Amino acid sequence: MSAEEDGPRGPQRTGVAFALAQLGAHATGLFARRLEELGLTPAQAGLLRLLAAAPGRSQKEIAADLGMPPSRFVPFADELDRRGLIERRRDPEDRRRHAVHLTPDGRDLLDRLARAGREHERQLCRGLSDGEREQLLGLLDRVVAEQGLTPGVHPGYRAG
């Protein structure tokens, strides 16, 4: 019997795609638990971040940025509106258009979300030095760009 046929071996080294998928699933679960404490889903958190970066955009524009069908965006945003975290305002120049904005409560929750995000990042990268973390982020940014993905927009918005 050769060494290759001796029986069970230790874990085999995987490829980059598998390691990214494994880490992504782990990170997603950890972050979702942090968001539950804030009363948010990952998708809702993403929308709050997007509105902070670009307030006053139309529902149609936001849905397009997220890669989400407009018909799915409206009920998605309705929940945040009911909770007083966002508001829709009619555009005085085009009354068919609704501009979406964070409310003061939405901005307060966004601050808490930012703190949770920083803690999440620290937890995930605690095995890396600051320089290694920056190097990893730079490499991943290059992969994201080469794959034609939109930085900062999770592909999960496109589902549904």
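Tabulated values for the structure
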| read-out | value |
| --- | --- |
| √(5λ) per eigenvalue of the Cα gyration tensor, the chain, largest first, Å | 39, 18, 15 |
| In degrees, nearest ten, helix 16-38 long axis to first principal axis of the chain (Cα) | 40 degrees |
| Pairwise centroid distance, computed over Cα atoms, of segment 124-149 with segment 22-90, Å | 24 Å |
| The chain - accessible surface per residue (Å², probe 1.4 Å) | 69 Å² |
| C-alpha long axis of helix 70-82 to longest principal axis of the chain, angle in ° | 80 degrees |
| Scattering curve values for segment 81-160, log₁₀ I(q)/I(0), Debye with Cα scatterers, q = 0.23, 0.25, 0.27 Å⁻¹ | -1.11, -1.14, -1.16 |
| Label-point gap, in nm, between Glu132 and Thr28 - each point 7 angstrom along Cα→Cβ | 2.6 nm |
| Fraction of accessible area attributable to carbon and sulfur, the chain (%, probe 1.4 Å) | 54 percent |
| Computed [θ] at 222 nm, deg cm²/dmol, the chain (DSSP H ≥ 4; -39,500 (n - 2.57); rounded to nearest 500) | -19500 deg cm²/dmol |
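The values are calculated or read from the model by the stated rules, or taken from the named source; none is laboratory data. Remember, predicted model here, so these are calculated numbers, not experimental data. Neighbour counts run over all protein chains shown; Cβ positions are idealised from the backbone, glycine included. To get the accessible areas, we keep the full protein, side chains included, count just its heavy atoms, and leave off ligands, DNA and RNA. Shrake-Rupley method; radii C 1.70, N 1.55, O 1.52, S 1.80 Å.
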